[in-house]
Amino acid sequence: MSRIRVAVTISAPRQRVWEALEDIQSHTRWMADAASITFTSDQTSGRGTTFDCLTRIGPFAVVDSMEVTRWEPNRTMGVIHSGVVSGVGEFRLRSRGLRRRRTRFIWSERLRFPWWLGGRVGSVLAIPIMWTIWRGNVTRLRDLIESGALR
């Protein structure tokens, strides 16, 4: 499995950052590679929520089927990927600063690429591209939260 980790510090309390994250449908506003999210469960938040995310990177598009496996409000959201690319991912929030007015947002993933996408060799090529895109994603999330455009 290949690992990706990106992080950013957001000038907002942890609860405000969580409010933006718990709205899974809104992830397409800050994730450049997430073209659309379609829920496949009746629920749209919390553990057990399932959804398909159409993921687009350049000319490549895949449907990433996900299930929320961990839901700790104001702390952690975890998912399992069972689509074309499989693995696990997690968003973690950590308070920062003396008055806890800032939040460290950490996004980590362990992903496995299928053989027809190059398997391990394909992941070696894809991971730096994905890291760059995801770094932009967390920066966009920070900017949207700090500007008040995303809650």
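Every number in this text was worked out from the coordinates using simple rules, so none of it is lab data. As the structure is a computational prediction, the values presented were derived from the model and not from experiment. Here the Cβ is made from the backbone with ideal geometry for all residues, glycine too, and neighbour counts use every protein chain on show.
Which trypsin sites (Lys or Arg not before Pro) does the range 38-138 hold that lie in a coil by DSSP with at most 11 other beta carbons within 10 Å?
ARG99
Give, rounded to the nearest 20 debye, the magnitude of the charge dipole that the range 22-81 has about its Cα centre when Lys and Arg contribute +1 at Cβ and Asp and Glu contribute -1 at Cβ.
Using only the charged Cβ atoms, the result is roughly 120 debye.
Compute, for the chain, the length of the dipole vector about the Cα centre, with Cβ point charges of +1 (Lys, Arg) and -1 (Asp, Glu) only. Units Debye, rounded to 20.
Magnitude of the dipole: close to 980 debye.
Which whole-number percent is the relative contact order of the chain (Cα, under 8 Å, 6+ apart)?
Rounded, it is 31 percent for the chain.
List, in order, the whole-Hz ³J(HN,Hα) value for each residue of the range 40-57 obtained from phi through the Karplus relation with A = 6.51, B = -1.76, C = 1.60 and θ = phi - 60°; use x for Gly and Pro.
The phi angles translate into 10, 10, 5, 8, 10, 7, x, 4, x, 5, 10, 7, 10, 10, 6, 9, 10, 10 Hz.
Using the Karplus curve 6.51 cos²θ - 1.76 cosθ + 1.60 with θ = phi - 60°, work out ³J(HN,Hα) for each residue of the range 137-144 in order, rounded to whole Hz, and write x for Gly and Pro.
Taking θ as phi minus 60°, the curve returns 4, 5, 5, 5, 4, 4, 5, 5 Hz for the range 137-144.
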